[in-house]
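The values are calculated or read from the model by the stated rules, or taken from the named source; none is laboratory data. Keep in mind it's a predicted model, so treat the numbers as computed, not measured. We place every Cβ from the backbone using ideal geometry, glycine too, and count neighbours over all the protein chains shown. Note: areas computed on protein heavy atoms with side chains; ligands, DNA, RNA excluded. Shrake-Rupley method; radii C 1.70, N 1.55, O 1.52, S 1.80 Å.
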Amino acid sequence: MPETSPKQHPFYTDLQQRLNQIRHQFANSVWRGLALVAAIGTPISLSRAWFSGWLPVYNIQLSVALLVLLLYALLNRLPLQLKTALLMLIFWTVAVPGVMTFGMASAGVWWLVASVVVAYVMYSARLAFAILCLSFAFLALTALGFIQGWLVMPLDANIYLTEPMSWATYLIVNAIVFLILVRAGISYSQAQQAISQHQYRQWIDDLPLGLVVQDQQQQPYYYNKAAARMLGPLLQQQPESAVLQFFHHASHSPYPPQAMPAARALLGETSYVDDLAVGTGGPQRRLQAWGRPGYDSNGKLAFGITVFEDITERKMAESQQLEQAARTNAILQHIQDAIITLSDNGLVLSANPAVQHIFGYAEDKVTGQPLSLLVPAWQHLTAVQLLALCGSSHESEGQHADGHLFPLALSLSQIAGQQPAVFVVMLSDISERKRLEQMKNNFVSTVSHELRTPLTAIRGSLKLLTAKVLGELPPQVQDLLQIAEQNSQRLLRLINDILDMQKIEAGQMHFVFKLQNIKPILQAAVQELSSYAVQHQVHFVLETELNDIQLVVDADRLMQVLANLLSNAAKFSPPGSDIKLTAAYLDEHWLRLAVSDKGPGISAEFQQRIFQPFSQSDASNQRSYGGTGLGLSISKAIAEQHGGRLSFDSKAGEGTVFYLDLPCATKSVNTAAT
C-alpha cells in the first residue's frame, strides 16, 4: 500500500480540526470583547464627547460600534478567515483615527497591540511581527507629526484628563484588551497542548508495538495502528459487556480474562505473558503482552495499559532453529567421520560418537584434552596455527586408544562470530582408501612394466621390418607395418605417461636440476618436433632476443613440457599456420616461455578441467585428435616441481597461448628423489 502523506494522515486532520476549533473560540472571545466595548464603552465615550466637544473621530467610533454589534449578531454564520480579517480591519479602523487625534493617550494604541496578538494566534508569528513593525512605524510617524506641529490635539488635555467619562472609557478598553491578551495566552496554551498531543499520538501510532488502553470495564477506548493490525475485529464493534478474547497458544483454549495483563493492570499489577494467541478462521498469531496500571491526576487507578508484540515470526524462526539444531545433531550422531570442536588453544570442546568408533575414546574422555591425543603430530596448537590450517585438507596419522597408528584425513574451519575463536575439525579414517590406492599403484606399476618390456621388443621388431633389414616388402605389408609401428609408439607413450603420473602422485619423479643456458633446449625442442610439424602441415618458430638464459632446470623434463605444448599446438592449428615459441623476462624474478597457436581456442567448459588427468576437449569415441589426456597434467606437475607455474589464455576462434613461467636462477626449486 502507498504511504499516506503527512497532510493526509488522520492524526493531522484531527490536529487541524482541533486548532481550528481553538482559533474559532479565540476569535469569538475577541468579538465578544468588541461587542462589550461597543455596547458599554462607546455610549460612555459619546457621552464624554457631548460635554467636551464633538470631534469627527466620534463619528467613526459610532459607525464602527454599530458595525461590530451587527457583525456579532451574525458571528456564527461567518467563516473563520472572514472573522479574523474583520477583526484586524476594525482594530486599525478604530486605532488609526484615535491615535492621530489624541496621540499616545488614545486607547487606539491598545487596539494596535491587540491586532498584533490576534495576528500571532490566528495566522503566524511572521505576520504578527510584520504588523508589529507597521504599528511602530505608524506610532513613530504620529509622534513626529505632533512634534513638528503637523498634528494638533483638538481639545485641551486637561479637559480630557479631568473628565470621569474619559477614564471610564480608557479603563474599559484596557480591560477588554487585557482580556484579549489573557484569552490569547489560553488559546496559545491550548494550541501547544493540541500539537503535543498530536505528536505523542503520532509517535504511539507509529510504534511497531500494539498499544491498547482499557477502562475499568475492560472496554478499549484507545488503540494504535499496530494494535488494530494485530487484534483486528477484537477491537471493533465490541458489545457493551464484551471483553477481548484470547487463546492459549499451546492448548488453543480460551485465555482466562482475569489472567490477562489488562485485567491485572486494572487491579494495580504489572504483568507479562508470552503465550497468547489470536486469530479465527486462519493461522493464529502468537503474541506477548505487558500490562501496567494507569492513574489519573488524583492518583486514582483509572485505566489499564496493555502493550502487545507480535512474536509469530520470531517464534517460527526459533522453532526452525530448534528443528535445524535437532537435524544437525542427528547428522552428527550418525555420521561416519569424527567431528570435534576446538578452542583457540587446541583443546577439544565437544565430539560426536564417531570419535569412539574411530579412535576408541568415549566422548567424555576426549573433552578438555588437546587434539594431540588423537593426532600426535599436531602438538601445542595456537589460534594462529589453527587459522593457518583452516580452509584446506591435510593428511596425518591418528592414534587409537590402543596405541596403533592409522592414516587420517583432517579438514578445519572456523565458526564465524565466535569470540574467542572456535574451530571445527573433521577427521576421517582413510586406512581403506590408502590400501586401495596402494593396490591401484601396485597394479598400474606391474601392468605398465610388464607391458613396456614386450612392447619395446615389438616396436624394435617393427622398426627392423620397416627399415627393410630383412629385405623388400610388398607395399601393402609396408603400410600395415607403419600403422603397427605408429600405434606401438602411441601405446608406449601412454604407458610412460601413466608411469609418470604414478611417480608424481607418489612424489617419486626424479629430477636432476642444474644451472644451464636453456636456449639450446628451446632450439632442440623445435628441431626434434620438426617432423611432427611437417606431419600436421604447420611451422614451429622460435622467437627470442635472449641468447644466454641461465636457469636451474632439469633439461629432460623441460624438454618433455615443451614437447607436449608444441605437439598440442600442432594438433589443433590449421594447416599452414605458424606456432611460436617465445622467451622473455617478466621481471627480475621470472622468465616466461610462451607457446601460441591460431587454433579454435579452448571452450569455457573445458578450461575448468584442462589440467585434470585424462581430460580431453573431444572425449567421444571418434576423437579428431590423438592423445592420452595426461600431457598437460604431467606438464603442470613438472612446472611446479621447478618452482614455476603453467597457465594459459584462450579466446574462441583466435587461438591459445600457454605460459610456462620459471623462476630465475636466484629462486629456489623443489627436488624429488627417485
Förster radius 30 Å - calculated FRET efficiency between Leu451 and Glu472, Cβ distance, rounded to 0.05: 0.40
With all protein chains modelled, accessible area of His400 [1.4 Å, Å²]: 40 Å²
At most 15 other Cβ within 10 Å, DSSP loop - trypsin sites (Lys or Arg not before Pro), the stretch 407-496: Lys468
For Lys514, solvent-accessible area (1.4 Å; no DNA, RNA or ligand), Å²: 120 Å²
Inter-label distance, nm, simple model (7 Å from Cα along the C-beta direction), Gln550/Ile60: 11.6 nm
By accessible area with a 1.4 Å probe, ligands and nucleic acids excluded, highest first: order of Trp203, Trp111, Trp150, Trp590: Trp150, Trp203, Trp590, Trp111
Simple label model, 7 Å out from Cα along Cβ direction - Ser29 to Leu75, nm: 1.2 nm
Theoretical gain in end-to-end length, Ala125 to Phe614 [0.36 nm per residue, Cα-Cα removed]: 167.2 nm
Length added when fully stretched, Leu36-Lys300, from 0.36 nm per residue minus Cα-Cα: 90.8 nm
Accessible-area order (highest first, 1.4 angstrom probe) of the listed residues Phe540, Phe91: Phe540, Phe91
Stretch gain in nm, segment Asp274-Ser393, where the contour uses 0.36 nm per residue and the Cα spacing is subtracted: 38.1 nm
Accessible surface of Arg592 - all protein chains present, 1.4 Å probe, nearest 10 Å²: 70 Å²
Cα centroid separation - the stretch 108-127 against the stretch 564-614, whole Å: 92 Å
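Using the beta-carbon distance between Ala362 and Ile331 and R0 = 25 Å, what value does 1/(1 + (r/R0)^6) give for FRET efficiency, to the nearest 0.05?
After rounding to 0.05, the efficiency reads 0.80.
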Accessible area, probe 1.4 Å, largest first, for residues Glu588, Glu323: Glu588, Glu323
Förster radius 60 Å - calculated FRET efficiency between Asn20 and Glu323, Cβ distance, rounded to 0.05: 0.55
